[in-house]
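Worksheet for the structure shown next.
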């Protein structure tokens with residue numbers, strides 16, 4: 001069976017890979033958007049924090065014998081807590097300055113974190129097993145769908161939609177959005193805005209770590225696993241419109257699929273297609289597809 | 001913009017008139033040191049530092065005087081390096097033409113990337129330049145002529161202008177020094193011209209500059225292309241000096257490195273990027289055998305600079321002597 005001269009087996013295979021990549025793009029750009037919305041900084045350490053999530057999962061297994069499901073819970077908490085400490089001790093001092101300093105600080109932190117892990121663990125990946133509950137796959141007739149990959153897509157989608165619901169539909173989210181618009185007014189109403197900022201950064205970082213745990217069984221646990229990925233995610237964020245929650249989810253998944261399709265039909269461009277789309281979107285809409293002037 | 005407001009304080013007293021005596025003195029000191037340095041220090045190391053110093057000066061034009069943080073300058077350094085290396089090796093061009101070809105390619109690329117990026121500001125601008133530069137990186141990974149992971153090796157140095165045989169390392173050093181000084185003076189002239197004053201006006205208050213009739217976008221684009229062109233000059237020269245063009249120079253880590261050099265030396269200072277480049281290149285040289293520790297040290301310098309040392313080395317000296325440098 002073929003589709004435009006491409007075997008459907010290959011087409012669906014690449015579509016699935018695209019969907020998986022899209023799940024990671026969406027989770028990571030969602031975290032970046034949440035952070036950007038309130039703190040107005042681009043968290044360059046996001047890729048390093050994603051990597052730390054995967055490593056915490058690895059450590060839990062090696063040192064404490066705690067498996068995947070524990071890691072899914074503990075890794076975001078641990079890395080999120082590290083994020084909270086970073087925000088309290090360093091990022092906090094930069095809010096009065098230009099937002100570019102936040103970018104430079106987190107860039108420096110990313111270098112430090114990735115360098116330290118590379119010293120300790122080298123550049124080759126460490127294996128992490130798929131949890132026994134999710135091994136194997138099911139035959140859908142036109143292709144075999146590995147259970148773990150289906151789980152990644154479903155779980156990431158659920159997390160994204162849950163986050164969207166909390167931010168757009170609950171009272172807590174309303175405070176958050178209000179603080180994005182006018183922090184001093186929200187503070188005047190008795191909301192502890194600095195604490196909200198700290199927790200928001202922690203939450204965004206936790207999302208990155210969660211993505212790291214999800215990625216551990218698919219890609220190997222590697223000190224540089226987030227280094228190049230994060231730049232693609234930056235492009236996704238620009239396309240979606242910076243700070244737009246729904247925008248990052250939709251563009252994340254869509255661009256993953258587009259990238260997968262490009263691998264089928266024009267493999268030479270698969271690495272660059274997202275950047276080309278970004279350039280085209282910028283020509284038409286400089287604020288991104290879902291963004292607005294700020 | 002507050003990014004550069006601290007840097008601006010040091011430049012606030014600058015005027016359009018002739019450079020101050022202290023600046024001439026600092027320039028003379030720099031030229032003097034660089035002229036005697038190759039007799040005491042390994043010239044190849046100095047040439048590397050000079051190429052990066054020119055690169056950082058070009059980068060500083062944008063961040064220091066227009067307030068735009070480009071996170072994609074490696075694209076200009078690297079693409080010029082590939083072009084110059086290819087022209088010298090495959091077409092057998094003499095070094096001056098090869099370097100010019102690289103510079104021209106960087107200028108064209110700067111026009112294309114600048115035209116897209118210049119419409120945005122601040123973090124958006126940083127993000128967009130980073131992503132577009134990554135596109136250039138992937139192009140270089142895949143294109144046939146770049147030689148992939150190997151890069152272009154064993155590039156012939158040739159005879160500069162038919163007069164200076166670059167196979168002699170001292171001759172080559174003074175050619176590189178001349179190129180560096182040419183680029184440095186061109187940038188100095190641009191910064192202290194009416195054009196540079198308009199750039200600073202746009203940095204400080206863009207709507208006001210626009211209301212006075214200046215087309216902010218056009219000024220920014222010219223500054224961007226100038227910065228890209230001189231980055232290309234640095235990249236082309238570097239490729240001829242080291243007889244090599246590789247993926248390292250196009251990768252985003254290189255874009256980060258030039259930010260580091262400029263930040264450490266002093267954003268928006270004339271001599272800061274030069275000092276910063278020499279410090280960073282020396283550090284890399286001494287830490288080279290320690291592997292990934294180089295990255296850790298660079299990251300720590302970033303963190304320290306951002307948190308407590310935002311004026312940079314030259315910025316602090318300028319503040320101490322209360323004169324712009």
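Key figures for this structure:
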quantity	calculated
Looking only at region A:97-128, and only at residues there that are at pLDDT 90 or above and not in a helix (DSSP H, G or I), the one that is nearest to the other protein chains (Cβ to nearest Cβ)	A:126
Candidates A:185, A:176, A:134, A:172 - the one that is closer than 19 Å to residue A:23 by Cα and touching a helix residue (DSSP H, G or I) at 6+ places or on another chain (Cβ under 8 Å)	A:134
Answer from B:82, B:86, B:137 - the residue that is over 19 Å from the mean Cα position of the chain (by Cα) and in a helix (DSSP H, G or I)	B:86
Within region B:312-324, tally of residues that are buried (at least 21 other Cβ atoms within 10 Å of the Cβ) and either at pLDDT below 90 or within 14 Å of another protein chain (Cβ to nearest Cβ) (or both)	2
Set B:280, B:270: member being away from chain A (no Cβ under 14 Å), within 25 Å of residue A:100 (Cβ to Cβ) and in contact with a helix residue (DSSP H, G or I) (Cβ under 9 Å, 6 or more places away or on another chain)	B:270
Residue that is closer than 21 Å to residue A:164 by Cβ, more than 9 Å from chain B (Cβ to nearest Cβ) and surrounded by fewer than 23 Cβ atoms within 10 Å (Cβ to Cβ), where the choices are A:280, A:246, A:261	A:246
Tally, over region B:160-192, of residues that are farther than 16 Å from residue B:48 by Cα and touching a residue at least 40 places away in the same chain (Cβ under 8 Å)	9
Residue B:183 being at pLDDT 95 or above and either in a helix (DSSP H, G or I) or under 20 Å from residue B:113 (Cβ atoms) (or both)	yes
Unique residue being more than 12 Å from the chain's Cα centre (by Cα), on the phi < 0 side of the Ramachandran plot and at the interface with chain A (Cβ under 10 Å from one of its Cβ atoms) when the list is B:297, B:222	B:297
Filter result for residue A:75 (surrounded by 17 or more Cβ atoms within 10 Å (Cβ to Cβ), away from chain B (no Cβ under 13 Å) and in a helix (DSSP H, G or I))	yes
Members of region A:263-294 that are outside any helix (DSSP H, G or I) and closer than 20 Å to residue A:14 by Cα	A:266, A:270, A:271, A:272
Only one of B:256, B:312, B:235 that is touching a helix residue (DSSP H, G or I) at 6+ places or on another chain (Cβ under 8 Å) and farther than 19 Å from residue B:78 by Cβ	B:312
Failed item in (1) within 12 Å of chain B (Cβ to nearest Cβ); (2) surrounded by fewer than 24 Cβ atoms within 10 Å (Cβ to Cβ); (3) in contact (Cβ under 8 Å) with a residue 40 or more places away in the chain, with residue A:222 passing the rest	(1)
Filter pass, residue B:262 being under 30 Å from residue B:87 (Cβ atoms), buried (at least 24 other Cβ atoms within 10 Å of the Cβ) and more than 14 Å from chain A (Cβ to nearest Cβ)	no
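The values are calculated or read from the model by the stated rules, or taken from the named source; none is laboratory data. Quick caveat: nothing in here was measured; it's all calculated off a predicted structure. Cβ coordinates were reconstructed from backbone atoms using ideal geometry, including for glycine residues, and neighbour counts include every protein chain displayed.
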